[in-house]
Structure formats: structure tokens, C-alpha cells
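> My structure is below; once you've seen it, I'll send some questions.
Bear in mind these aren't lab numbers, they're just calculated from the coordinates by the rules spelled out. Computed from a predicted model, the values in this text were never measured in an experiment. Cβ: placed from backbone, ideal geometry, glycine included. Neighbour counts: every protein chain shown.
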Amino acid sequence: MLENSPVVIERYRTATIALGYDGDSIANSLGDVASFVVGFWLASRLGRTRAIVLFVAVELFLLWTIRDNLTLNVLMLLWPVDAIRRWQAGA
């Protein structure tokens with residue numbers, strides 16, 4: 001719920017490479033909810049260890065392919081690192 005609040009949107013705009021970010025669209029929010037439901041269902045079937053391994057694998061895959069993932073988003077919101085911002089921008 002806080003993700004689309006004015007405070008978080010402004011922080012995201014200033015601390016990350018998302019300069020024109022205005023908040024999530026309805027489609028994006030629905031995708032987030034659907035992903036949560038599928039992830040919760042999958043984690044309940046896989047068990048703790050395999051779910052953690054899958055999470056780490058997905059995070060590393062996203063880091064490698066698009067230079068963005070949940071871990072980087074949280075890090076950059078809480079403690080922006082200029083080197084990571086430049087790397088994400090491809091500079």
C-alpha cells in the first residue's frame with residue numbers, strides 16, 4: 001500500500017534511475033497481486049529450502065538480464081549507491 005504513496009514515489013524518483021516514475025499502473029498492480037498469489041502457491045508446494053533457492057535464482061537471473069530486481073529496488077530506496085545507479089543506467 002505504501003508503494004504508490006507520494007513519499008515513496010518521490011523517493012523512488014530521486015534515489016533510483018526511474019526519473020519519470022509516477023507510480024504503478026493498475027495493470028502493474030494487478031500483475032503484482034497475481035505474482036504474489038502464484039509465488040505463495042508455488043512456495044507452499046516447494047517447501048522453504050527450494051523456495052529460497054528459487055527466489056535467489058530469480059533475483060540473480062533478473063540482475064544479470066535486466067540489471068534490476070527486488071533486492072536492488074529495496075537497497076536503492078533505503079540506501080542509494082551511485083555506483084549501482086550508474087551500472088543500472090549502463091554507464
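> At a threshold of 8 angstrom on Cα-Cα distance, excluding pairs fewer than six apart, so keeping six or more, what relative contact order does segment 2-89 reach in percent? Each step should come with its number before you reach the end.
Values: 38 pairs, mean separation 29.6, N = 88.
Worked out over segment 2-89, it gives 34 percent.
> While we're here: For the chain, return all DSSP H helices satisfying: extent of Cα atoms along own axis at least 15 Å; mean Kyte-Doolittle hydropathy at least -1.0.
Counting only whole DSSP H runs, the qualifying helices are 26-46, 48-66.
> How far apart, in nanometres, would the label points at Thr14 and Leu78 be if each is projected 7 angstrom from Cα along the Cα-to-Cβ direction?
So the two model labels end up 1.9 nm from each other.
> Please give the calculated 222 nm ellipticity per residue for the chain, where each DSSP H segment of at least 4 residues contributes -39500 (n - 2.57) and the sum is spread over every residue; nearest 500 deg cm²/dmol?
-23500 deg cm²/dmol
> I would also like to ask the following. Obtain the nm distance between the two label points defined at Ser25 and Trp41 by a simple spin-label model: each point lies 7 Å from its Cα along the Cα-to-C-beta direction.
2.4 nm
> Could you tell me how many cubic angstrom of Cα convex hull volume segment 2-89 has per residue?
Values: hull volume 9.9 nm³, N = 88.
About 113 Å³ per residue, rounded to a whole number.
> List the chymotrypsin sites (Phe, Trp or Tyr not before Pro) within segment 1-78 that DSSP assigns to loop and that have no more than 16 neighbouring Cβ atoms inside 10 Å.
On the way: sites: Tyr12, Tyr21, Phe36, Phe40, Trp41, Phe55, Phe61, Trp64; in loops: Tyr21.
Here the chymotrypsin sites (Phe, Trp or Tyr not before Pro) that fit, given the DSSP loop and packing criteria, are Tyr21.
> Where the only charges are on Cβ atoms (+1 Lys, Arg; -1 Asp, Glu), what is the dipole of segment 2-89 about its Cα centre, to the nearest 20 debye? Don't skip to the end; give the middle numbers.
Numbers: 8 positive and 8 negative charges, 72 e Å.
Charge dipole, segment 2-89, about its Cα centre: 340 debye, nearest 20.
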